[in-house]
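These notes are about the structure you will find just below.
The values are calculated or read from the model by the stated rules, or taken from the named source; none is laboratory data. What you see is a predicted model, and the numbers here were worked out from it, not measured in a lab. Neighbour counts run over all protein chains shown; Cβ positions are idealised from the backbone, glycine included. What goes into the accessible areas is simple: the full protein's heavy atoms, side chains included, and nothing from ligands, DNA or RNA. Shrake-Rupley method; radii C 1.70, N 1.55, O 1.52, S 1.80 Å.
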Amino acid sequence: MTLNVGVIGTGMIGQDHIRRLTHVLSGVRVAAVTDVDLDRARSVADDGVTVHETGQALIEDPGVDAVVVTSWGPTHEEYVLACLAAGKQVFCEKPLATTREACDRIIDAEVALGRRLVSVGFMRRYDAQYQAMKAVVTGGEIGAPLMMHAAHRNPSVPDHFTSDMIIVDSTVHDIDVARFMFDEEVSAVTVLKPRRSSKAREGFNDPLFVLLEMESGVLVDVEASVNAGFAYDIRGEVVCEDGTVELSESAGAVVKRAGAYGGRVPEDWRERFVRAFDTEFQAWIDAVAAGGTTGPSAWDGYAATVVCDTGLAALHSGAREPVSLREKPDLYKGGIGGSGR
Ligand code: NAP
């Protein structure tokens, strides 16, 4: 069976996902696309792909079995709710929605439906290195986890990027990784402002140092830098009672030459996580074709947005801010989201 997917939002990541759905993955075809910029949607639509004028029309198209939402974050709520109303499986790129209240409405709608239709695009859970790290942590071979050190370094960002976006667009991935790695919620957030990089424009706090306190007391520190200049560099190390486990370098080959050794560092997130995105989508396609879904749930999307909101409060107050989550509905009980394994 071929799953007919409709894609809402044909910008940067929308086009990358259309490429993988069309040329890389199996059991799927892009049946329809739309974008607020219809010319852009038309320009990426191959022969036989329907271009819809609105996201609503795409969701209602009987030729669309399931929907991928890759439009601008503030539009996600409307499209995810419309998919729930239509009873269609939806893969929504992060964020699930940009406010706690919007995420609440999605959770309420999915709980009322009584089955999971929403999957959220936190692709790091499908990265082989993070999965290997989690296997060591949960396997207990180096004892109980105590701390995690993480770094999220972007080479550069566009002019419109703000300190708030370091939390909601970049650190959101580390927040999801922390929840996934330790299978527990974040209970408090503190954000410190180190010395400002001279490459960051006036008034823009970059880098940030984000401290996440997990429910068990595990501490996760995230160095988030978006003008790191040299590469897209993602790091992680979990410190346990009897040892440590860290992400290996992502380069496939190490070059040795006179007096030095080294390898390629990724240019951007597309290069670093290309296989994670492929694995994430293939798992979702297979699960949807089998009549269900997989991957991070609406609860995971909700929790990430609430922790980001708390992080923004901590950034602006300079204080430690506690995280307050609603009661977890039964629909989402049984661990924190999908592991991709
Ligand atoms: P982008 O290049 O700006 O693409 C977003 C597209 O959606 C644009 O073509 C935009 O059109 C369009 N759009 C805006 N409002 C719309 C609406 N009401 N209906 C349909 N289309 C609409 O942004 P992007 O970088 O691809 O990001 C898209 C989403 O993916 C964001 O939520 C982002 O956080 C997420 N993302 C996730 C990752 C990851 O690592 N998982 C990486 C990158 C992005 P205009 O340009 O005309 O507004």
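Annotations
- More than 18 Å apart - percent of Cα-Cα pairs taken over region 129-227: 47
- Charged side chains reduced to their Cβ positions (Lys and Arg at +1, Asp and Glu at -1) give region 204-341 a dipole of some 380 debye around its Cα centre.
- Largest-first principal axis extents of the Cα set of the chain (Å): 55, 53, 45
- Tilt relative to the chain, helix 274-289 - C-alpha long axis, 0 to 90 degrees, to 10: 40
- Computed on the chain, with alpha-carbon pairs under 8 angstrom and 6+ residues apart, the relative contact order is 20 percent.
- Estimated inter-spin distance, Val36 and Lys256, nm [label 7 Å along Cα→Cβ]: 5.4
- Taking amide hydrogens as placed 1.01 Å from N in the peptide plane, the amide H of Leu3 sits under 5 Å from those of Val28, Arg29, each at least 5 positions away in sequence or on another chain.
- Helix axis angle, 298-317 relative to the chain longest principal axis, alpha carbon, degrees: 50
- Among beta bridges from DSSP that stay inside the chain, the antiparallel ones total about 50%.
- Values of log10 I(q)/I(0), in the order q = 0.11, 0.12, 0.18 Å⁻¹, for region 1-147 under a Debye, Cα-only, solvent-free model: -0.47, -0.55, -1.01
- Of all accessible heavy-atom area on the chain, the percent that carbon and sulfur account for (1.4 Å): 51
- Largest first, the three principal axis extents of the alpha carbons in region 61-154 are 50, 31, 28 Å in whole numbers.
- Coordinate range along principal axes, alpha carbons of region 79-131, Å, largest first: 36, 22, 17
- Where region 260-325 is the region considered: accessible area per residue in Å², 1.4 Å probe: 40
- Residue among Ala32, Ala66, Ala290 with the largest mean-square fluctuation in a Gaussian network model of the chain, springs linking Cα atoms under 10 Å: Ala290
- Given Lys193/Lys333; Lys134/Lys193; Lys193/Lys328; Lys94/Lys134; Lys94/Lys199; Lys88/Lys333, the pairs whose alpha carbons are separated by over 25 Å: Lys193/Lys333; Lys134/Lys193; Lys193/Lys328; Lys94/Lys199
- In whole angstrom, region 208-341 maps to an equivalent ellipsoid with semi-axes of 30, 25, 15, each derived as √(5λ) from the alpha carbon gyration tensor and ordered largest first.
- Using the Cβ-Cβ distance between Glu53 and His160 with R0 set to 30 Å, the FRET efficiency works out to roughly 0.65.
- Summarising the label geometry, the points placed 7 Å from Cα in the beta-carbon direction at Asp286 and Ala128 lie 1.6 nm from one another.
- Taking Lys94, Lys256, Lys199 as the candidate residues, the one with maximal mean-square fluctuation in a Gaussian network model of the chain, Cα springs under 10 Å, is Lys256.
- To the nearest ten degrees, helix 128-139 and the longest principal axis of the Cα atoms of the chain are 60 degrees apart.
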